[in-house]
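Asks: Structure below; questions to follow.
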Amino acid sequence: MNYKPVIVIAFVLFAFIILLGYLAFNWNTQNINYYLQVDDCQIDKTSCQVRLDKHSSIKINILPRGIPSTGKLTVYIEEQGDKLNESSVSFEAIEIDTTTPQYRLYRQTENSFSGSAFLAICSLSKQSWITHLFVKKGNETWEISLPFSKQLEN
């Protein structure tokens, strides 16, 4: 009879720890409906055209060309077809296992978004990156991955 409050407290504490673990694991995840890997375009050298579905596609452009490690980047999205609700971009450095925050892109015209972004500074002589573009249209979200590599600038 004396152990009943201890068992209740232990159970509540255990449930709290499980809930905390779940929240920590799912804290910043987006509900991605579609993952697209674009391997036939070098986003650091040219703009890339990506078809989202049969009703819409986007053209992605990151300037300046070469995507410098130390300067401000401007990311442009031009939509064709159905309108997007929102868009953001982040950059993942593979060898140093780091990801930049998601940079929000803002609607500029009826069919375009743009915004600023920055890469994480890396001192490796060669670094592999993945541009992660997130676009939302209605209730559906796409994550578009565009890999590229950078040589250390002298």
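Asks: Report the far tail of the P(r) of the chain, meaning the percent of Cα-Cα pairs longer than 22 Å.
Replies: Result for the distance tail: 49 percent.
Asks: Further question on the same structure: Anything over 25 Å Cα to Cα? Flag those among Lys54/Lys83; Lys59/Lys150; Lys83/Lys150; Lys59/Lys83; Lys45/Lys137, in the order listed.
Replies: Lys83/Lys150; Lys45/Lys137
Asks: In the stretch 67-94, whose amide N lies under 14 Å from the spot 7 Å out along Cα-to-Cβ of Phe118? List them in ranges.
Replies: Once the point is set 7 Å along Cα→Cβ of Phe118, 68-74, 91 turn out to lie under 14 Å by backbone N, inside the stretch 67-94.
Asks: Right, another one. Modelled label-to-label distance, Ser47 and Glu143, 7 Å Cα→beta-carbon offset: nm?
Replies: So the label points at Ser47 and Glu143 sit 2.7 nm apart.
Asks: While we're here: Check which residues have an amide H placed less than 5 Å from Thr141's amide H, if you skip close sequence neighbours.
Replies: For Thr141, the qualifying residues are Asn33, Tyr34.
Asks: Could you state the accessible area per residue of the chain in Å², with a 1.4 Å probe and every protein chain left in place?
Replies: Ligands and nucleic acids excluded, the result is 65 Å² per residue.
Asks: So what's the back-of-envelope 222 nm ellipticity for the chain, counting only DSSP H runs of four-plus at -39500 (n - 2.57) apiece and dividing by all residues, rounded to 500?
Replies: Result for the chain: -5000 deg cm²/dmol, rounded to the nearest 500.
Asks: What Kirkwood hydrodynamic radius, in Å, does the stretch 41-81 give when the mean of 1/r is taken over all pairs of distinct Cα atoms and then inverted?
Replies: It is 10.9 Å.
Asks: Taking θ = phi - 60°, what integer Hz values does the Karplus form 6.51 cos²θ - 1.76 cosθ + 1.60 yield along the stretch 137-146, in sequence order, with x for Gly and Pro?
Replies: Going residue by residue, I get 9, x, 9, 10, 10, 10, 10, 10, 9, 10 Hz, with x marking Gly and Pro.
The values are calculated or read from the model by the stated rules, or taken from the named source; none is laboratory data. Being a predicted model, the structure only gives us computed values, none of them experimental. Cβ: placed from backbone, ideal geometry, glycine included. Neighbour counts: every protein chain shown. Only protein heavy atoms, including side chains, enter the accessible area calculation; ligands, DNA and RNA are left aside. Shrake-Rupley method; radii C 1.70, N 1.55, O 1.52, S 1.80 Å.
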